[in-house]
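Reading through the C-alpha cells given below for one structure.
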Amino acid sequence: MRAVKGAIESVVIDETGRSYYRVIGNTKPEGICGSGIIEAIAWMRIRGIIDEAGRIRKGVSEFVKEDNEGLKFVIVPANASATGREIVLTQKDIRMIQLAKAAIYAALSTLTRVAGLELHVLERIFIAGAFGNYLDIFSAQVLGMLPDIPQKKFSFIGNGSVAGASMMLLSKDFAEEAQAIAKRVKSVELNLIKDFQSEFVKATYIPHMEKERFKDVLNKIKQLTGLM
C-alpha cells in the first residue's frame, strides 16, 4: 500500500521470526508500504526465513504458513491488524521485489562498466523520489538492491525533478548548466549490452550470486547473527 496512515514503514524480525514494526500514524497496521517490504525481506534473509534464491523455507518459523497459493510469511497476525486480516508477504511478493532489485543493481553495475568504472570508485550515489527518502540503506544492500559501498556515499535528494525544475526557473546559471549537462548525456540501451541479461539473472539472488561483491555486507550480517 501507499505510505499513508496505517502503513507499516519499518520492520525488524527477531530470531524466532516474530516481526516488530513501526506504523505511520502510530495506529493499528492496515498494510505495508515499499520501505517496510524492503526491510522485511532483508530481515527474512538475515534470519534464514528465505534462502539466497528468495525461496521461503518451510518449517523454519511458526510465522511461515501455507495456504492454497503456497508459502507465506506473517508479519502481522489477523487479531493485531486494523482490517482483521493477516498482513503477509507471499512468495510472489518476494519474487517481484527480486526482479525489481535485480534490475536496479544490474543497470548500475552495467552502466559503470560501460563507462569504464568500478562501483567502489563512485564518490556519491544520489537516490531520488519519495520512496528513496525512507529507504534503509543497509536493508537495500542486504537484498543486493544497492552496491556494497560505504553508506556515507549515498545521498537522498527527495523529488529531484521538481527541485531541478525550480532551480532552472529561478536561476539562469543553473538553466545553462543543466542544458550543458543534457548535451553530454548519452542514451544506453541496456538490452543491447553484452552480458546484461546474465548480470540481471545473477542479481536476482540475495544479495547476489557472486557473493564476493557483497563481502562487507555479509560480514556485517555474520556479526549480527553468526549466519550466512
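Rule-based calculations on the coordinates, nothing more; no lab input. Fair warning: this is a prediction, and the values are worked out from it, not measured in the lab. Here the Cβ is made from the backbone with ideal geometry for all residues, glycine too, and neighbour counts use every protein chain on show.
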TODO: Could you give the spread of the C-alpha atoms of region 7-90 along their three principal axes, from largest to smallest, in whole angstroms?
DONE: 34, 25, 20
- [ ] Would you list which lysines come within 19 Å of Lys5, measuring only between C-alpha atoms, while excluding same-chain residues fewer than 8 positions from it?
- [x] Lys28
Task: Footprinting exposure proxy for Thr225, Thr112 (fewest neighbouring C-beta atoms within 10 Å first) - done: Thr225, Thr112
Task: Percentage relative contact order, region 95-225, counting C-alpha pairs under 8 Å, at least six apart - done: 36
TODO: Within 10 Å of each residue's Cβ, count the other Cβ atoms and sort Glu176, Glu189 from fewest upward.
DONE: Glu189, Glu176
- [ ] Along Cα→Cβ, 7 Å out, is where each label goes; now give me the distance between the ones at Val162 and Val201 in nm to one decimal.
- [x] 4.2
Task: Length-normalised contact order for the chain - Cα pairs under 8 Å, 6+ apart - percent - done: 18
TODO: Check the straight Cα-Cα distances from Lys92 and name the aspartates and glutamates below 12 Å, setting aside those fewer than 8 residues away within the same chain.
DONE: Glu69
- [ ] Between Arg18 and Arg2, with labels modelled 7 Å along Cα→Cβ, what's the label distance in nm to one decimal, could you check?
- [x] 3.4
Open item on the list: Amide H of Phe156 versus every other amide H placed in the peptide plane: which residues, excluding those fewer than 5 positions away on the same chain, fall under 5 Å?
Closed with: Ile127
Task: Contour minus Cα-Cα distance for Ser171 and Asn26 (0.36 nm per residue) - done: 48.1 nm
Open item on the list: Check which residues have an amide H placed less than 5 Å from Ile32's amide H, if you skip close sequence neighbours.
Closed with: Ile8
TODO: Divide by every residue of the chain the summed helix terms, -39500 (n - 2.57) for each DSSP H run of at least 4, and state the resulting mean residue ellipticity at 222 nm, rounded to the nearest 500 deg cm²/dmol.
DONE: -12000 deg cm²/dmol
TODO: Tell me which label goes with the value of Rg and Dmax of the Cα atoms in Å computed from the coordinates here: (1) 19.3, 57; (2) 18.1, 61; (3) 19.6, 62.
DONE: (3)
